[in-house]
Amino acid sequence: MCTCTDIHGQPTATRADARKAGRKRNRRRAAVVFSIGALMLGGGVAWAAWTNSGTGAANAKATTATALVVTAGTPASTLYPEPSNGYPNSTVGAIYTTVANPNNYPVTVTTVSVGTVSITPQAGKTCAAGSVVATAASMTLATPISLPANASATAVTIPSAVKMLGTAEDGCQGASFSAPVTLTGASS
Amino acid sequence: MIGRFTALLVAAVAVVGLSGTTPAQAAWGTAGVGAGRQAAMTMPTGSAPTVTMTTAVVGLGLVRTYTVTWPRTELHAGMPVTAYRVTRTSTLGVAVLSGGTCSGVTVLGLGFPTYVPADVAALTHSCTDTSAVDLGVVRYAITPVYGNWVGTPSVWSAPVS
């Protein structure tokens with residue numbers, strides 16, 4: 001009330017004060033809107049990510065992505081000592097696995113790493129450790145592996161993953177090889 | 001005025017906010033660790049050779065030349081083995097190659113001489129084995145070799161004498 005009296009009593013100064021007060025309010029409102037906007041921005045990333053994979057419970061699953069289930073597959077080719085000019089195709093040094101995708105969204109596997117190869121020679125034979133090695137610590141797949149949502153175990157071939165040294169001994173014939181394989185991908 | 005300003009601000013925030021969400025949508029990384037498997041092949045069995053024998057008088061003696069011919073052996077289609085072991089059995093002497101080209105060179109680590117074709121990709125290979133003594137009935141077998149790997153010998157060739 002006191003302010004009103006002052007305004008009525010001094011019209012010129014009152015209009016200036018009113019404009020000033022209006023600007024203050026604008027700034028305040030802008031600050032409030034900006035703060036809300038900033039909060040929305042921060043929250044918006046998460047919100048949009050949740051909606052990416054569906055709604056409700058599906059979103060909760062997406063935030064705690066379940067690991068792909070990788071198990072040993074059945075070799076469809078065989079390995080032999082690498083020629084000096086390399087293997088003639090990518091099948092010879094392939095690794096065979098089966099992969100299941102327990103997530104309710106499709107996953108595309110783009111990177112594979114192969115660990116130390118374990119060798120099991122045939123009975124009565126020897127094949128020195130290190131005779132078979134991974135071709136690279138980590139490799140980007142030329143053809144990414146697409147796994148549908150909730151895919152059951154699917155045979156997956158990882159080409160050119162391992163090689164046998166050209167000096168591998170005779171006892172390596174018929175040996176079996178196993179290696180830890182890490183498949184890395186993202187939702188697609 | 002205030003309404004317009006507010007609307008612009010909200011729109012700007014919304015645009016920035018929405019554009020910022022796009023990378024997050026593609027970032028649901030996942031991985032899996034398990035076993036991968038592979039197996040080594042076993043060497044193939046050699047193909048039985050065909051053998052012919054010719055004789056020639058050299059000085060005061062008779063030299064027998066056995067020409068051994070066999071088809072190429074492959075690890076798999078288009079991948080021939082790198083060498084062959086040529087073995088002989090005879091009724092009148094020990095099974096040692098006495099001369100000719102079949103003895104080939106000794107491949108280090110194998111412990112026995114092998115025949116290394118000039119062209120391993122050739123469809124057929126041939127070598128000669130000579131002897132100044134009568135060996136009686138002679139037969140040959142071929143064993144494929146690849147690096148340090150040795151295959152299974154072929155069945156014996158038809159006998160020649």
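The values are calculated or read from the model by the stated rules, or taken from the named source; none is laboratory data. Computed from a predicted structure; not experimentally measured. All Cβ positions, glycine included, derive from the backbone under ideal geometry; neighbour counts span all protein chains shown. Heads up: the accessible areas ignore ligands, DNA and RNA and are worked out on the full protein's heavy atoms, side chains in. Shrake-Rupley method; radii C 1.70, N 1.55, O 1.52, S 1.80 Å.
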Qualifying residue in the range A:165-172 (condition: more than 8 Å from chain B (Cβ to nearest Cβ) and either in a loop (DSSP other than H, G, I, E, B) or open to solvent by 40 Å² or more (accessible area, probe 1.4 Å) (or both)): yes
Breaking point among (1) within 9 Å of another protein chain (Cβ to nearest Cβ); (2) open to solvent by 60 Å² or more (accessible area, probe 1.4 Å), for A:Val162: (2)
Odd one out for B:Ser47, checked against (1) of a type outside the set (Val, Ile, Thr); (2) outside any strand (DSSP E or B); (3) modelled with pLDDT under 95: (3)
Selection within the range B:129-146 - open to solvent by 10 Å² or more (accessible area, probe 1.4 Å) and modelled with pLDDT of 95 or more: B:Tyr146
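Kindly evaluate B:Val33 against the criterion of being within 14 Å of chain A (Cβ to nearest Cβ) and at pLDDT 90 or above. Spell out the reasoning first.
Details: within 14 Å of chain A (Cβ to nearest Cβ): yes; at pLDDT 90 or above: yes.
Against the criterion (within 14 Å of chain A (Cβ to nearest Cβ) and at pLDDT 90 or above), B:Val33 qualifies.
When the range B:117-132 is examined, which residues are found to be among the hydrophobic types (A, V, I, L, M, F, W, C) and part of a strand (DSSP E or B)? It would help to see each step written out before you state the result.
We begin by selecting, within the range B:117-132, every residue among the hydrophobic types (A, V, I, L, M, F, W, C); these are B:118, B:120-123, B:127, B:132.
Passing the criteria: only B:Cys127.
This table checks each residue for (1) under 20 Å from A:Pro75 (Cβ atoms); (2) open to solvent by less than 40 Å² (accessible area, probe 1.4 Å).
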position: A:Thr98; (1), (2): yes, yes
position: A:Val112; (1), (2): yes, yes
position: A:Ser118; (1), (2): yes, no
position: A:Pro121; (1), (2): yes, no
position: A:Ala137; (1), (2): no, no
position: A:Pro148; (1), (2): no, no
position: A:Ala153; (1), (2): yes, no
